[in-house]
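The values are calculated or read from the model by the stated rules, or taken from the named source; none is laboratory data. Predicted model only: the values in this text are computed from it and were never measured. Counting neighbours? That spans all protein chains shown, and the Cβs are built from the backbone with ideal geometry, glycine included.
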Amino acid sequence: MKCLFIKKPSLLRDGIAELLKRRFSDSQITCREDFSFQEAKEASLIIIETSEALTCKEQLETIQSEGVKIVLWVEDLDKKQAAPLFKLGLYGYLYYNIDEETLIQALRFVLDGKRYVSPILGGMLIEVYCDQDKKQMRPPLELLSRREWEVLQLLVKGYSNIKIADALFLSDKTVKNYVSSILHKLNVPDRTNAVLKALKKQWLYL
């Protein structure tokens with residue numbers, strides 16, 4: 001793996017870079033303060049902070065379309081600032097207070113071609129997706145069973161397992177099984193990412 005970490009110099013950046021070097025020992029980890037299109041094209045993974053990403057949105061979109069995995073590093077929960085970057089559909093959106101193990105798991109998830117969003121950013125992403133024009137829903141009905149679509153719709157509405165069980169007259173255990181099946185079929189790590197995927201792809205709406 002060739003990882004490019006684009007962030008202003010700080011103890012946090014240095015600490016994360018050292019962590020990545022330890023946990024991805026066969027990889028090349030490079031830190032930069034500014035974005036370089038040519039260098040970015042040669043990376044397999046880019047982690048970039050929000051302020052720098054805002055200056056090169058179009059270039060990031062181009063690079064990602066060519067197969068480079070891009071992860072946004074978020075330190076300021078400012079929806080207005082981050083919304084244009086959320087709409088790019090990058091592979092990852094990580095909040096800076098993420099713990100070490102979750103960070104490594106998230107990056108492995110991204111490197112496998114999957115997407116990861118820190119739960120604290122999930123609400124902001126949902127708002128961004130819901131602010132977009134609501135076109136006709138087009139869920140791939142064959143992807144989930146009828147009951148799984150019903151459960152996913154309630155997850156989108158923010159229902160807990162207990163509330164879903166009450167609404168659909170199911171046991172809590174049955175709901176847990178449906179949720180696990182949904183996560184597996186959608187290839188996502190958790191409920192937050194399942195909801196975001198359904199909204200982003202306009203399968204369901206709030």
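Give the range 22-40 a look and list any residue that's of a type in the set (Lys, Arg) and either surrounded by 14 or more Cβ atoms within 10 Å (Cβ to Cβ) or modelled with pLDDT of 95 or more (or both), or say none. Listed by number, the residues that qualify are Arg23, Arg32.
Of all residues in the range 141-159, those that are under 20 Å from the mean Cα position of the chain (by Cα) and either closer than 14 Å to His184 by Cα or not in a loop (DSSP other than H, G, I, E, B) (or both) total 4.
Go through the residues of the range 165-180 one by one and say whether even a single one is surrounded by 15 or more Cβ atoms within 10 Å (Cβ to Cβ), outside any helix (DSSP H, G or I) and among the aromatic types (Phe, Trp, Tyr). Taking every residue of the range 165-180 in turn, none turns out to be surrounded by 15 or more Cβ atoms within 10 Å (Cβ to Cβ), outside any helix (DSSP H, G or I) and among the aromatic types (Phe, Trp, Tyr).
Could you check, for the range 62-74, whether at least one of its residues is over 19 Å from Thr192 (Cα atoms), among the acidic types (Asp, Glu) and out of contact with any helix residue (DSSP H, G or I) (no Cβ under 6 Å at 6 or more places or on another chain)? Checked the range 62-74: at least one residue is over 19 Å from Thr192 (Cα atoms), among the acidic types (Asp, Glu) and out of contact with any helix residue (DSSP H, G or I) (no Cβ under 6 Å at 6 or more places or on another chain).
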